[in-house]
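Asks: Structure in structure tokens, see below.
The values are calculated or read from the model by the stated rules, or taken from the named source; none is laboratory data. What you see is a predicted model, and the numbers here were worked out from it, not measured in a lab. In this analysis, Cβ positions are derived from the backbone assuming ideal geometry, glycine residues included, and neighbour counts consider all displayed protein chains. Side chains included, ligands, DNA and RNA excluded: accessible areas come from the protein's heavy atoms. Shrake-Rupley method; radii C 1.70, N 1.55, O 1.52, S 1.80 Å.
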Amino acid sequence: QEVQTALGQTISAEEASEIVLNDLIDQVLLVQGAHEAGYLLEDAELDARIAALAEEIGGEEALSTWQASHGYTSDSFRSSLKRAAEAAWMRDSILTNLSGTAEQVHAQQILLYNRETAEDVQTKLTEGADFGDLASAYEPKTSGDLGWFPRGYLLEASIEEAAFSLEIGQPSEIIETDVGFHIIMVLEKEADRLLTPDALLSLQEKALLDWLQAKRETSTIE
């Protein structure tokens with residue numbers, strides 16, 4: 001709470017409790033998934049992890065002091081560490097199943113801020129105006145280049161949906177979002193292109209959230 005206040009951010013006690021509870025539920029679901037997949041952290045490995053932590057912070061006494069200052073008993077710390085380790089194993093298992101490549105498109109957009117202008121640009125395109133020239137005119141710095149992206153990457157699902165349905169060189173209809181009015185065109189497509197680190201991270205986050213959501217829908221949470 002003090003950190004939040006220092007940063008000028010405040011959340012209620014109820015909101016903080018809900019965040020902690022949801023994190024705990026996610027962790028328990030991951031642990032259950034690990035057990036279903038056949039992984040269980042053995043006592044010997046848990047002991048080794050605790051010994052390594054103790055050595056890292058200055059010995060068993062220092063670890064006991066840290067545990068006490070954070071509200072842990074020896075048993076509750078063991079349980080918490082075991083749960084965290086098993087949850088991490090399941091999370092890593094989910095993420096490593098993702099391929100480093102995916103179907104991707106390279107697209108360009110013309111972004112306008114009122115429908116009238118967007119309709120005027122659309123008319124020009126219909127009459128044969130060059131998409132790239134118009135994109136450069138409205139966004140000289142980037143020429144509206146959206147780069148390469150896979151499904152599930154863009155924040156605006158409507159733009160992504162249009163991009164993957166268009167033929168190369170075919171301007172889209174006007175797409176209205178909270179940002180403005182978009183007309184996009186696909187420049188290139190590849191069925192199996194290497195993901196950028198940012199795109200891979202985004203898809204990994206989505207895969208984890210999707211897995212957790214699916215588990216929540218089939219689990220009884222009390």
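Asks: Kindly indicate whether any position in the stretch 163-178 is more than 30 Å from L98 (Cα to Cα), assigned to a loop (DSSP other than H, G, I, E, B), modelled with pLDDT under 95 and not charged (D, E, K, R).
Replies: Scanning the stretch 163-178 turns up no residue that is more than 30 Å from L98 (Cα to Cα), assigned to a loop (DSSP other than H, G, I, E, B), modelled with pLDDT under 95 and not charged (D, E, K, R).
Asks: Out of the residues in the stretch 197-215 meeting the condition of being charged (D, E, K, R) and surrounded by 12 or more Cβ atoms within 10 Å (Cβ to Cβ), tell me which one is farthest from T101 (Cα to Cα).
Replies: K215
Asks: Shifting gears a bit: What is the number of the single condition among (1) free of Cβ contacts under 8 Å to residues at least 12 places away in the same chain; (2) open to solvent by less than 70 Å² (accessible area, probe 1.4 Å); (3) acidic (D, E) that E156 does not meet?
Replies: (1)
Asks: Suppose we keep only residues that are open to solvent by 70 Å² or more (accessible area, probe 1.4 Å), in a helix (DSSP H, G or I) and aromatic (F, W, Y) within the stretch 34-93. Which one would you say is nearest to D210 (Cα to Cα)?
Replies: Among them, the one singled out is W89.
Asks: In this structure, does E161 turn out to be closer than 30 Å to K206 by Cα and without any contact (Cβ under 8 Å) to a residue 12 or more places away in the chain?
Replies: Taking the combined requirement at face value, the residue satisfies it.
Asks: Taking the stretch 101-139 as the search range and keeping residues that are within 22 Å of E188 (Cβ to Cβ) and acidic (D, E), which one is surrounded by the most Cβ atoms within 10 Å (Cβ to Cβ)?
Replies: E139
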